[in-house]
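The values are calculated or read from the model by the stated rules, or taken from the named source; none is laboratory data. The shown structure was predicted, so the numbers you read here are calculated from the model rather than taken from an experiment. Because the Cβ atoms are built from the backbone with ideal geometry, glycine has one as well, and the counts that use them run over all protein chains shown. Surface accessibility is based on the protein's heavy atoms, side chains included, excluding ligands, DNA and RNA. Shrake-Rupley method; radii C 1.70, N 1.55, O 1.52, S 1.80 Å.
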Amino acid sequence: MSQKQLKEAFISNLNGTTLLEISVGLSLAPLCLLCRGLLLILYYLHHGKPVSSRKHSLLLDFLVLVSPLLFSCTVLSPIIFSIPVILAAFCAALFSKIYSQRRGGSRAPLGQLVQEFQQASLNPGYIPAITVFRVYVNVLTSISVLAVDFPQFPRRFAKAETYGTGVMDLGVGAFLFGNALVCPEVRQEPPVAQPRFSNVAKQFFSIWPLVSLGVARLLSVKSMEYHEHTSEYGVHWNFFFTLALVRLAASLLLAVFPKNKSWMLALALAVLYQLVLNATSLKMFLLHGRGSRVGFLDANREGLLSLFGYLAIYLASVQVGLWLLRPRSSVQGWLRALGGLALATLVLFLLLHVSQEHTDPVSRRMANLSYCLWVLAHCLMLFIFFVLTDLTLVFTKLLVRGSSVPCCWNVVKPPNSSRKQGMEAVPVGREDKLPHFCLISAINKNQLLFFLLANVMTGAVNILVDTIHSKAAFTLCILHLYMFLNCLVMYILHAKNIVLKFW
C-alpha cells in the first residue's frame, strides 16, 4: 500500500466510543479553565496584582488550557476516567488555599458569603460561557485533526465509519452549535425593525470565505493527492461547504418562520428526514450508492444528504441561543437557568435512547435523528459545565476583592447587604481596566483564521512526517509545537489588536 492508502486505511472503518467516555471527556476543558482561574486568583492574593507579563500569561494559558487536552487524547487516554478526578482534586486544593488565606472584609461566615454570592449581579450583556464554548470547540477540533493521524490517538476517538459516537463525530456538530449561538438571528435585538430577508443577505455575504476555503481545500487535496476519507463527505465535498450552506439555509427558513419557534422547525426537519431514511431506499443509497461514485450527487451523497440533519442541529441551536440571551443578570437567575438546561439535557438523552432503540443508532455520516439528539445533548452538557465553572470563579473572586479572571463574568454592582460584615464587590468596570492577556480572547478574535491555520499546518505535518509510525515522545513534541505555534500567532494578533476579518 502507498503512504496515501495507509493513512486512509488508518482513519477508516472505525466504530467510535461510548457515551459515558465522551461525557467524562467533556469535563476536562471546564476543569482546565477552572484551574487557570483559581491559579490567577491565588497569584493575585499573594502578589496584590494580576499576571502582567505577556510571556508568562501565554505559557500559563497554554500549559493549563491546552496541554492537558493534548495529553488526554494521546498517551493519557487509557486513564481518561481518572484525569477529571485528578484535575478536580487539584482545583479543590487551590480553592481551599484561597478560602483559608483570604483577608480583610472577605472573612465573613460561609452562609453570608453564599447569600451575597446568590444576590450578586453579573454583566448582563456578556455570557463568557458562549465565547469559551466556541473557542474550545475550535481548539479541540484543531488538536484532533492532526492527532488522529498519529497512533497515540485512540482509534475509538476518531470519526466512526457508519454508526458510532466518536469524539470527532461530536466535534462536527458542536461546531454548528457554536456558530448558531452567535448567528445574526440570535444577536439581532427584537426592537430593531429590519427587512425580513436582511439576515439572509448578511449570511450570503458572510459565507463566501467558507465557500472559498472549501474550494481551496478541494483543489489542494486533489492536486497534492493528500489522503482523504471519501465516505466522510464525498469526493468533492467538505465541511466548509456544509457550514456555508447550513448557515444560508437556516437564514432563509428563519426569514419565513418565527425564529422563536425554531426548535419546532428543527424537530420537524429531523423527524421527517429520519422517516424518509427508514421508509425509502435513501438510506441504502447514502451508505452504498449505486456501486460507483458517478455523477455529482452519487459522488457527494454523504455531504449533500447530511445537510438536513446538520440544518436541524443548527435551527435547534438558534433556539438555545435565543433562550440564553433572555435577561437574567443575577447569579440566582443563572442557577435557575442551569436547572432548565439540565432538564433539557436529560430529556434529550431520553429521546436519544428511544431513537436508538426504535430507529437507528447515531450516525454522523447520515446526520440522522439520533445524531442530532446526541450532539444537542452533549453540547448542552458542555455548556452547563462552562457556566458552572464561571459561577465558581465568580464566587472565588468575591472572596479575593480586586482579583480578576479573563473571559469570566464580572460583578457589576455590590450585593444588597452590609459591607462591614461581608464582602465588597468589585466596582463597575474595575476588572475591565486590568491588563489581561488571554489566549481564549486571542483565539476568539480570529477563530476562522485559527481553524484555517490548523488545517494548513496539519497538511504540512502530514506531508513532511511519517505520522503513522511515530513514537510517543515525537508525537507529543509535534502536537505541542503545532498547537503552540498556532496559539502564538493568535496571541500576537491579539496583542496588536488585529482582527483579520473583512467580510
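Of all residues being within 23 Å of VAL362 (Cβ to Cβ) and aliphatic (A, V, I, L, M) in region 236-256, which is most open to solvent (accessible area, probe 1.4 Å)? Just the residue, please. Steps first, please.
Initially, region 236-256 is screened for residues within 23 Å of VAL362 (Cβ to Cβ), giving 237-239, 241-243, 245-246, 249-250.
Filter once more, keeping what is aliphatic (A, V, I, L, M): 243, 245-246, 249-250.
On the way: LEU243: 8, LEU245: 75, VAL246: 2, ALA249: 32, ALA250: 1 Å².
Across region 236-256, the extreme among qualifying residues is LEU245.
On the given criteria, is PHE153 in contact (Cβ under 8 Å) with a residue 60 or more places away in the chain, open to solvent by less than 10 Å² (accessible area, probe 1.4 Å), closer than 30 Å to LEU448 by Cβ and part of a loop (DSSP other than H, G, I, E, B)? Quick ask: steps written out before the conclusion?
Values: in contact (Cβ under 8 Å) with a residue 60 or more places away in the chain: yes; open to solvent by less than 10 Å² (accessible area, probe 1.4 Å): yes; closer than 30 Å to LEU448 by Cβ: yes; part of a loop (DSSP other than H, G, I, E, B): yes.
So PHE153 passes the test.
In region 15-35, which residues are closer than 20 Å to VAL64 by Cα and either open to solvent by less than 20 Å² (accessible area, probe 1.4 Å) or under 14 Å from the mean Cα position of the chain (by Cα) (or both)?
If the condition is that a residue be closer than 20 Å to VAL64 by Cα and either open to solvent by less than 20 Å² (accessible area, probe 1.4 Å) or under 14 Å from the mean Cα position of the chain (by Cα) (or both), then GLY25, LEU26, SER27, LEU28, ALA29, PRO30, CYS32, LEU33, CYS35 are the ones that fit.
Does region 357-387 hold any residues that are surrounded by fewer than 17 Cβ atoms within 10 Å (Cβ to Cβ) and part of a helix (DSSP H, G or I), and which are they?
Of everything in region 357-387, those that are surrounded by fewer than 17 Cβ atoms within 10 Å (Cβ to Cβ) and part of a helix (DSSP H, G or I) turn out to be GLU357, HIS358.
Determine which member of the set VAL235, VAL211 is more than 29 Å from LEU69 (Cα to Cα), part of a loop (DSSP other than H, G, I, E, B) and in contact with a helix residue (DSSP H, G or I) (Cβ under 6 Å, 6 or more places away or on another chain).
Of the residues listed, the single one that is more than 29 Å from LEU69 (Cα to Cα), part of a loop (DSSP other than H, G, I, E, B) and in contact with a helix residue (DSSP H, G or I) (Cβ under 6 Å, 6 or more places away or on another chain) is VAL235.
So GLU185 ticks every box in (1) within 28 Å of PHE383 (Cβ to Cβ); (2) modelled with pLDDT of 90 or more but one. Which box is left unticked?
Of the numbered conditions (1) within 28 Å of PHE383 (Cβ to Cβ); (2) modelled with pLDDT of 90 or more, the odd one out for GLU185 is (2).
Of the conditions (1) in contact with a helix residue (DSSP H, G or I) (Cβ under 7 Å, 6 or more places away or on another chain); (2) over 30 Å from VAL411 (Cα atoms); (3) of a type in the set (Val, Ile, Thr), VAL354 satisfies every one except a single condition; which number is it?
(1)
Since PRO50 meets every condition but one in (1) modelled with pLDDT under 95; (2) open to solvent by 30 Å² or more (accessible area, probe 1.4 Å), which condition does it not meet?
PRO50 satisfies all of (1) modelled with pLDDT under 95; (2) open to solvent by 30 Å² or more (accessible area, probe 1.4 Å) except (2).
With the condition being of a type in the set (Ser, Thr, Tyr) and either closer than 22 Å to VAL186 by Cα or open to solvent by 40 Å² or more (accessible area, probe 1.4 Å) (or both), I'd like the helices (runs of 4 or more DSSP H) fully within region 267-335 carrying at least 2 qualifying residues.
307-324
Mind listing just one residue for me: the one in region 69-99 that is in a loop (DSSP other than H, G, I, E, B) and touching a residue at least 24 places away in the same chain (Cβ under 8 Å) and, of those, surrounded by the most Cβ atoms within 10 Å (Cβ to Cβ)?
In this case the residue turns out to be CYS73.
Name, by its number, the condition in (1) part of a loop (DSSP other than H, G, I, E, B); (2) within 30 Å of ASN368 (Cα to Cα); (3) not acidic (Asp, Glu) that does not hold for ILE130.
Failed condition: (1).
Considering every residue within region 100-123, establish whether at least one is at positive phi, among the small types (Gly, Ala, Ser) and open to solvent by 20 Å² or more (accessible area, probe 1.4 Å).
yes
Those residues that are under 21 Å from CYS32 (Cα atoms), among the β-branched types (Val, Ile, Thr) and buried (at least 22 other Cβ atoms within 10 Å of the Cβ), I need them from region 140-150; list them, please.
Selection gives ILE143 alone.
Considering each residue of region 257-266, count those that are open to solvent by 60 Å² or more (accessible area, probe 1.4 Å) and either aliphatic (A, V, I, L, M) or free of Cβ contacts under 8 Å to residues at least 60 places away in the same chain (or both), and give that number.
The qualifying residues number 5.
Checking the conditions here, which among LEU346, LEU315, LEU272 is more than 27 Å from THR230 (Cβ to Cβ) and over 24 Å from the mean Cα position of the chain (by Cα)?
Details: LEU346 fails: over 24 Å from the mean Cα position of the chain (by Cα); LEU315 fails: over 24 Å from the mean Cα position of the chain (by Cα).
The match here is LEU272.
For the condition surrounded by 15 or more Cβ atoms within 10 Å (Cβ to Cβ), farther than 22 Å from ALA316 by Cβ and at pLDDT 85 or above, what is the one hit in VAL211, VAL167?
That would be VAL211, the only listed residue that is surrounded by 15 or more Cβ atoms within 10 Å (Cβ to Cβ), farther than 22 Å from ALA316 by Cβ and at pLDDT 85 or above.
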